[in-house]
Amino acid sequence: MTAPANAVPDRAEQSLRQTLLSPGYRRLLLLSVLLGVPVALACFFFVGLQHALQHWVWTSLPGAAGYAAPPWWWPLPALVLAGLVLAPIVTRLPGGGHLPVDGLGGAPVGPRELPGAVLAALATLPLGVVLGPEAPLMAVGSGLALLAVRRAGAGKDPGASAIVATAGSTAAISTILGGPVAAAVLLVEGAGLAGARLVALLLPCLLASAAGALVFTGFGHWTGLEIGALALPDLPPVAGPDAGDFLWGLPAAALIAVLVTLARGLGHRTAAWTRQRTAPRTVACATAVGVCVAAYALITGRSPAEAALSGQATLARLAADPHAWSVGALVALVACKGLAWAVALGGLRGGPIFPAVLLGTATALACSGLPGFGVTPALALGISSAAAAVTGLPLASAVLAVLLTGRDAHDQMPLIVVASVVAFVVSQLVRRTRPDAGATPTAGAAPTRGPTGPAGPTATPGGAR
C-alpha cells in the first residue's frame with residue numbers, strides 16, 4: 001500500500017522542524033551570529049591593508065619618483081617581485097597552493113592553511129597579479145570559523161564544522177558582494193542542496209553574513225578606510241531594454257562567455273605547466289602577466305593599473321563615465337587583461353570573479369556603439385554574463401548584476417537574466433568542445449562531497465560543480 005502523496009513533504013517538514021528546534025542547532029545559529037563579527041573585522045583589516053599597499057605601489061611610489069601616473073614599464077618590476085615572493089609561499093607553506101582556475105570551491109581552508117593563503121594574497125594582490133580578493137577572503141572566513149569551533153571543543157562533529165566553515169566563508173564573501181543576499185544566493189546555487197538540508201545550511205550563513213555586513217560597513221564609516229566593496233555608484237539613467245538591446249546583447253553575452261571560457265582553458269593549461277618546477281614557472285607566469293599589463297599601457301597610453309589590479313575601481317570608473325574609453329582602448333583592455341588573467345588563473349593566487357566581471361563589462365561596452373544597443377544594458381549584461389561564465393552559477397550571477405545596477409535593476413532584469421542563462425549555456429558548450437575540458441575541477445563542476453553525502457554541507461559557494 002503506497003503512502004499518501006503528502007507523506008514525504010510532511011516528513012521533510014517534521015525533520016526540518018526537529019532540526020530547527022534542537023538545542024544543538026540553536027547553538028549553531030548563535031555561533032554563526034557571533035562568528036560574523038570577528039570574520040567581518042578580519043576581512044575589513046585584510047581588505048584595508050590590501051588597498052593601502054595597492055595605493056602605495058600604484059600611486060604613492062610613482063608620485064615619489066616624479067610620475068603623475070605609473071609609467072608603462074611599472075608593472076614589469078612589480079610583477080617580477082610578485083613572482084619571486086609568491087614562489088616560496090606556494091612551494092613551502094600549506095594553504096598557498098589553491099589555484100584560482102579551480103574556482104572558489106573545494107574543502108574549507110583550515111587554521112593551518114590560513115597563514116599561507118593570507119600571505120600569498122597580501123604579498124601579491126597589491127603588486128597587480130590581475131586577480132581579486134574574494135578567494136582569500138573566503139579562506140579567512142572558513143579558517144577563523146574552524147579555529148573558533150576547535151577552540152570551543154566542537155570540532156569533533158564534522159557536519160557542524162562543515163556548516164560553520166561555510167558560514168564563515170559566506171560571511172567573508174558577503175562583505176565585498178554588497179551584503180548577505182548575493183552571498184546567500186551564491187551559496188544556494190553553488191552548494192546544490194535542497195529541502196531541509198538547504199534551509200539548515202542557509203540560515204547560519206545568512207545570520208553570519210548579516211552580522212558581518214553590519215560590522216564591516218560600520219567600521220568603514222568609522223575609520224574612513226577604503227574597503228573595496230564591489231559597487232557601481234553612478235550609472236547613466238535609461239529606460240528598460242528594447243528590441244535592439246536584446247538583438248545585440250545576447251550575441252554579446254555569448255561572446256563574453258566564449259572569451260571567459262577560453263581564458264579559463266588557457267588557465268588550466270598554465271596550471272598543468274606549473275605543476276613541475278613550480279617555483280621558477282610561477283616567476284615566469286608573473287613576468288608574463290607584467291608584460292601583458294605593460295603592453296596595455298603602451299598601446300593605449302593609459303595607466304597600467306587599469307589592467308593590473310582586480311577590477312573594482314576600473315569597473316566603477318567605466319560605469320560612471322563609459323565614454324572615457326574609446327572602443328580601441330576597451331578592446332586592448334579585454335585582450336591584454338584577458339591574457340594576463342588567463343595566465344594568472346593557472347600560475348598565481350587570488351580570486352577569479354572580479355577580473356572576469358571587468359572583462360565582460362568592457363567587452364559589452366565595446367559593443368554598445370552598435371545601433372540600438374544602450375550603455376546601461378551593456379553594463380548590466382556584461383556583469384551577469386561574465387559572472388555566469390566564470391562561476392557556472394547563472395542565478396547568483398543575475399542577482400549580483402541586479403544588486404550592482406541599483407535603481408536601474410528593475411528595468412534591466414529581463415536582459416540580465418536572459419544574458420546570464422545564455423552565457424552559462426554557451427560556456428558549457430565551449431567547455432565540452434575543449435580538448436582539456438575535463439583536466440581539472442572548475443567552478444562549474446559538481447559540488448564537493450561532504451560528510452553527509454553528495455553535495456553535503458562542505459560544498460562551498462562557487463565550488464567545483
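Figures for the structure shown
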item	result
Qualifying residues in region 169-198 (those that are over 14 Å from residue 403 (Cα atoms) and touching a Cys at 6+ places or on another chain (Cβ under 6 Å)) - the one modelled with the highest pLDDT	172
Answer residue from region 299-342, given it is charged (D, E, K, R) and within 26 Å of residue 269 (Cα to Cα) and is modelled with the highest pLDDT among those	337
Condition check for residue 348: assigned by TED's automatic domain parsing to the domain that holds residue 283, buried (at least 24 other Cβ atoms within 10 Å of the Cβ) and within 26 Å of residue 118 (Cβ to Cβ)	yes
Every residue from region 408-449 that is of a type in the set (Lys, Arg) and either touching a His at 6+ places or on another chain (Cβ under 8 Å) or at pLDDT below 80 (or both)	432, 434, 449
Options 425, 399, 417: the member that is outside the structural domain of residue 134 (by TED's automatic domain parsing) and under 17 Å from the mean Cα position of the chain (by Cα)	399
Residues of region 112-132 satisfying the condition of being more than 18 Å from the chain's Cα centre (by Cα) and in a loop (DSSP other than H, G, I, E, B)	112, 113
Candidates 382, 392, filtered to the one that is of a type outside the set (A, V, I, L, M, F, W, C), over 25 Å from residue 331 (Cβ atoms), crowded, with 24+ Cβ neighbours inside 10 Å and modelled with pLDDT of 80 or more	392
Pairs where the first residue, in region 41-60, is assigned by TED's automatic domain parsing to the domain that holds residue 179 and in a helix (DSSP H, G or I) and the second is among the aromatic types (Phe, Trp, Tyr) and surrounded by 21 or more Cβ atoms within 10 Å (Cβ to Cβ), C-beta under 9 Å, 6+ apart	41/216; 43/216; 44/216; 47/216; 57/74; 58/74
Residues satisfying the stated conditions in region 293-316, i.e. touching a helix residue (DSSP H, G or I) at 6+ places or on another chain (Cβ under 7 Å) and without any contact (Cβ under 8 Å) to a residue 60 or more places away in the chain	295, 296, 299, 300, 302, 306, 314
Inter-residue pairs, beta-carbon under 6 Å, first outside the structural domain of residue 402 (by TED's automatic domain parsing) and in region 351-374, second surrounded by fewer than 24 Cβ atoms within 10 Å (Cβ to Cβ) and of a type in the set (Phe, Trp, Tyr), 6+ apart	none
Residue in region 123-132 that is modelled with pLDDT under 80, at positive phi and touching a helix residue (DSSP H, G or I) at 6+ places or on another chain (Cβ under 8 Å) present	no
From the options 293, 283, residue that is surrounded by 24 or more Cβ atoms within 10 Å (Cβ to Cβ), of a type in the set (Val, Ile, Thr) and at pLDDT 95 or above	293
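The values are calculated or read from the model by the stated rules, or taken from the named source; none is laboratory data. Treat the numbers as computed from the prediction; the structure is a model and nothing was measured. Every residue, glycine as well, gets a Cβ built from its backbone with ideal geometry; the counts of neighbours run over all protein chains shown.
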